[in-house]
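The values are calculated or read from the model by the stated rules, or taken from the named source; none is laboratory data. Keep in mind that what you see is a predicted model, and the values were worked out from it rather than measured. Quick reminder, even Gly has a Cβ in these numbers, built from the backbone with ideal geometry, and neighbours come from all protein chains shown. The accessibility values were calculated without ligands, DNA or RNA, using every heavy atom of the protein model including side chains. Shrake-Rupley method; radii C 1.70, N 1.55, O 1.52, S 1.80 Å.
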Amino acid sequence: MSTPCHCTRLRMATRKVAARYDAALEPTGINVAQYAMLRAIERRQPVSLTELGRALDLDRSTMGRNIRVVEKLGLVATGRGDDQRESVVRLTDHGATVLRKAGPLWEGCQTDIEARIGAERLQALADINTLL
């Protein structure tokens with residue numbers, strides 16, 4: 001009998017966890033990936049797409065596509081940085097408002113996930129990210 005694929009198991013778990021966060025954030029109109037991106041923008045703004053991609057471990061083209069989605073929602077604005085070749089992004093007032101509303105919902109989901117998974121397993125998850 002073969003061993004179950006670790007990658008498949010992790011991907012299934014990731015989808016289940018993301019679905020919980022997405023459901024929690026649904027009243028704000030954003031998903032957990034967009035929440036993470038908006039938080040990263042908030043911490044670094046104005047931030048270049050290249051720097052943001054590095055921070056979120058996404059390639060430049062994926063970052064650009066993701067930014068266009070939240071830009072159409074009116075959550076971020078893009079412009080030129082000091083280096084005119086580089087695009088920068090910042091939160092709009094609407095984006096900051098959505099992020100403020102999403103924060104407590106995300107926190108509630110965090111607490112629920114921590115209770116379900118437990119501190120030891122969450123530490124193992126953190127260890128996986130540093131080991132790979």
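Where is the GNM fluctuation largest for the chain (alpha-carbon springs, 10 angstrom cutoff): THR92, THR28, THR62?
In the Gaussian network model the winner is THR62.
Helix 119-131: angle to the longest alpha-carbon principal axis of the chain, degrees 0 to 90, nearest 10?
60
Please name whichever of VAL32, ALA115, HIS6 sits farthest to the positive end of the charge dipole of the chain, dipole taken about the Cα centre and charges placed at Cβ: Lys and Arg +1, Asp and Glu -1.
HIS6
Please compute the volume of the convex hull spanned by the alpha-carbon atoms of the chain and report it per residue in Å³.
On the way: hull volume 18.2 nm³, N = 132.
It is 138 Å³ per residue.
Top to bottom by accessible area (1.4 Å), largest first, where do GLU51, GLU120 land? The partial results should precede the final answer.
Details: GLU51 80, GLU120 160 Å².
Sorted by accessible area, descending: GLU120, GLU51.
Can you give me the angle between helix 60-72 and the longest principal axis of the chain, using Cα atoms only, in degrees from 0 to 90, rounded to the nearest 10?
Approximately 70 degrees, to the nearest 10.
In whole percent, what relative contact order does the stretch 1-127 give with Cα contacts below 8 Å and a gap of six or more residues? Can you show the working numbers first?
On the way: 103 pairs, mean separation 31.3, N = 127.
This gives 25 percent for the stretch 1-127.
Before rounding to the nearest 500, sum -39500 (n - 2.57) across all DSSP H runs of length at least 4 in the chain and divide by the residue total; then give [θ] at 222 nm in deg cm²/dmol. Walk me through the numbers on the way to the answer.
Details: 6 runs with 92 residues, N = 132.
After summing the helix terms and dividing by the residues of the chain, the value is -23000 deg cm²/dmol.
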